[in-house]
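Here is the structure we will look at.
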């Protein structure tokens, strides 16, 4: 699929489908009705007067064979009230419109970018909306696939830059790569296979990739990670992907470290999960997938700072050699951990990964993990929980998330929660009491981040669409990719 810019008027672009945004009003008309009437011979106003279409958010109206256009169909895309308009909403609007049309035989689409806003932001909304809506997780179906024929998207946007278009394409493409990885079942995406995929993607993007095998992990003393992997026949790995900027890096330059949990399948181990919905635990590597996706976007965007992704990957399985509740493991940092619950495994592998990222020279850290059900209880499925040990770094990540249109909510973390992780037999316990579970999990990770500016993203509620949405299918969302790409660019 190819995206291109033009300053031609929408009605002058030859395409199978044309799209334009319409804001919602309550007076029986639609904003811009004179323009839409001029190319639909008054049909737009008639539809509004009948209540058939008034621009409601994610509503659409399809007009076939518009008389004064070179396209075969015109889709009026409802954007809701103009006062609520923002990049993420425009993206969802055009995405929902395209989801309804993606199997309707359209090979080319022309889109009139939202008017009255920064043209580069408008272009980004269109690109990300269509590119993300084009994704369908049916690659393993032998028949009945919902195939799209889309080849080209032309965006009419006066004043927009090619750089904005290229950035949007890079970010959306990377987010879809992350979704592809997170949707793969555990039998097809083991830690070893994930490492091989990461190496292939990195090589194609011009990134460096190193994979630490079990013997190397043992020599590095990564006992927290290795303990989780003990119950599986699949060997653990640590994937390290490096981006190096074009210019020489100065000593004071920030070095961004991206750490992602990649448990390719999580049964809970000896503390086994209930069978209901356990099949969804294939996406317990969504944090690692997000970091790989972010690195692909960063490789295309070329920020001026170095970025290193550290992705620990294991299976968490029961078995004769599996880690037991009550076991004590020694992490790479030297901290000993009493494992009270083997289903609290993500924080264990991240502990060693955070330590290793600091050893590689990372000066600022962000980790992402489908870590706790508690964050879903607290924030539902629309907000990612954000925890940090540094107010300035927290605000920097929040600002990047706003620019990306990904909703993240700062949560408390501090000494009160660390106190709940005391163990009589080790330096830390891997879980605290029932209440505040997302906060105690973050406090556990904070111990290993230490004084390094660090943000933890608990994406347990946002990494997966549990139901079909107007703009997206059931499955992985690719959350955090866009935020992290913008964060890297903001640092350099």
By average C-beta atoms within 10 angstrom, highest first, the peptides 257-264, 471-478, 298-305, 441-448 | 257-264, 441-448, 471-478, 298-305
Subtract the Cα-Cα distance of residue 435 and residue 161 from 0.36 nm times their separation in residues, and report this length gain in nm to one decimal.
-> 93.7 nm
At what distance in angstrom do the alpha carbon centres of the range 417-437 and the range 331-397 lie from each other?
-> 15 Å
Residue separation between residue 399 and residue 272 times 0.36 nm, minus their alpha-carbon distance, gives in nm 41.9 nm
Helix 481-491 sits off the longest principal axis of the Cα atoms of the chain, rounded to the nearest 10 on a 0 to 90 degree scale, by 80 degrees
Taking the chain and counting helices only, DSSP H stretches of n ≥ 4 at -39,500 (n - 2.57) each over all residues, the nearest-500 ellipticity at 222 nm comes to -11000 deg cm²/dmol
Quick note on 115, 135, ordering by fewest other C-beta atoms within 10 Å, gives 115, 135
Three-way shape call for the range 170-491 based on the alpha-carbon gyration tensor, with the a/c threshold at 1.5 = rounded
Ranked list, fewest to most other Cβ atoms within 10 Å of each Cβ, for 328, 311 = 328, 311
Once the Cβ-Cβ distance between residue 474 and residue 247 is put in as r, and R0 is 60 Å, what FRET efficiency do you end up with, to the nearest 0.05?
-> 0.90
Can you give me the Cα centroid spacing of the range 441-464 and the range 160-237 in angstrom?
-> 19 Å
Under a plain spin-label model, where a point goes 7 Å from the Cα along Cα-to-Cβ, how far apart in nm are residue 321 and residue 451?
-> 4.0 nm
Could you put 276, 358 in order, starting from the residue whose Cβ has the fewest other Cβ atoms within 10 Å?
-> 276, 358
Pairwise FRET efficiency - residue 138 versus residue 68, Cβ, R0 = 35 Å, nearest 0.05 | 0.40
If the label point sits 7 Å along Cα→Cβ of residue 382, residues of the range 57-78 with amide N under 16 Å come out as 57-58
Quick one: compute the contact order of the range 170-491, relative version, from alpha carbon pairs under 8 angstrom and 6+ residues apart, as a percent.
-> 23 percent
Length added when fully stretched, residue 50-residue 2, from 0.36 nm per residue minus Cα-Cα = 13.5 nm
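We did not get these values from a lab; they are worked out from the coordinates using the rules stated. Predicted, not measured: the structure shown is a model, and the values here were computed from it. As a convention, Cβ positions derive from the backbone with ideal geometry for all residues, glycine included, and neighbour counts pool all protein chains shown.
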